[in-house]
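Enquirer: I have a structure here, written as structure tokens, and I will follow up with some questions on it.
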Amino acid sequence: MANGKAKTRNAKKHLREETKMEIVHDYYLGALNKTHLAEKYGVGWETVHKIIRKFAAENDKSALLMGKHTTDSLSEENKALRKEVLELKKRLYDETMRADFYDTMIDVAEEMFGIEIRKKAGTGQSKGCTKTK
């Protein structure tokens, strides 16, 4: 700011190797695209592009294969997890229905026979119900 004007160009930002590897890792995992990576790490997307291109050049085709393999395996894992979530939701629904059925059955039995089946909170075990060894 020698003449009072603010800097219009960004100062070159030197990234640590760890940060560059995080960028490459995030990119190949398919977690974020270059624009989002640039926002996350506070650099331009061109910088992200150069880091990824340099990594791919230095690591031959293994970088590209790593990216494809990781994305494919994540996709398969994602599908498996979605299937498991659906199965668990169905089981939860079934168990909720079963609990509701038992509650209704107890309500009907209490009303029909005029006896309390549910124990009240804080009541102990009946005297007639002792464990035998």
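The values are calculated or read from the model by the stated rules, or taken from the named source; none is laboratory data. If you're wondering where the values come from, they're calculated on a predicted model, not measured in any experiment. Note that we place each Cβ from the backbone using ideal geometry, even for glycine, and neighbour counts take in every protein chain shown. Side chains included, ligands, DNA and RNA excluded: accessible areas come from the protein's heavy atoms. Shrake-Rupley method; radii C 1.70, N 1.55, O 1.52, S 1.80 Å.
Enquirer: Checking the structure you have, find out if any residue of the range 54-71 is surrounded by 10 or more Cβ atoms within 10 Å (Cβ to Cβ) and modelled with pLDDT of 80 or more.
Expert: Looking through the range 54-71, at least one residue is surrounded by 10 or more Cβ atoms within 10 Å (Cβ to Cβ) and modelled with pLDDT of 80 or more.
The rows are residues; the columns are (1) open to solvent by 80 Å² or more (accessible area, probe 1.4 Å); (2) at pLDDT 90 or above; (3) hydroxyl-bearing (Ser, Thr, Tyr).
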residue	(1), (2), (3)
83	yes, yes, no
88	yes, yes, no
92	yes, yes, no
97	yes, yes, no
116	yes, no, no
122	yes, no, no
125	yes, no, no
128	no, no, no
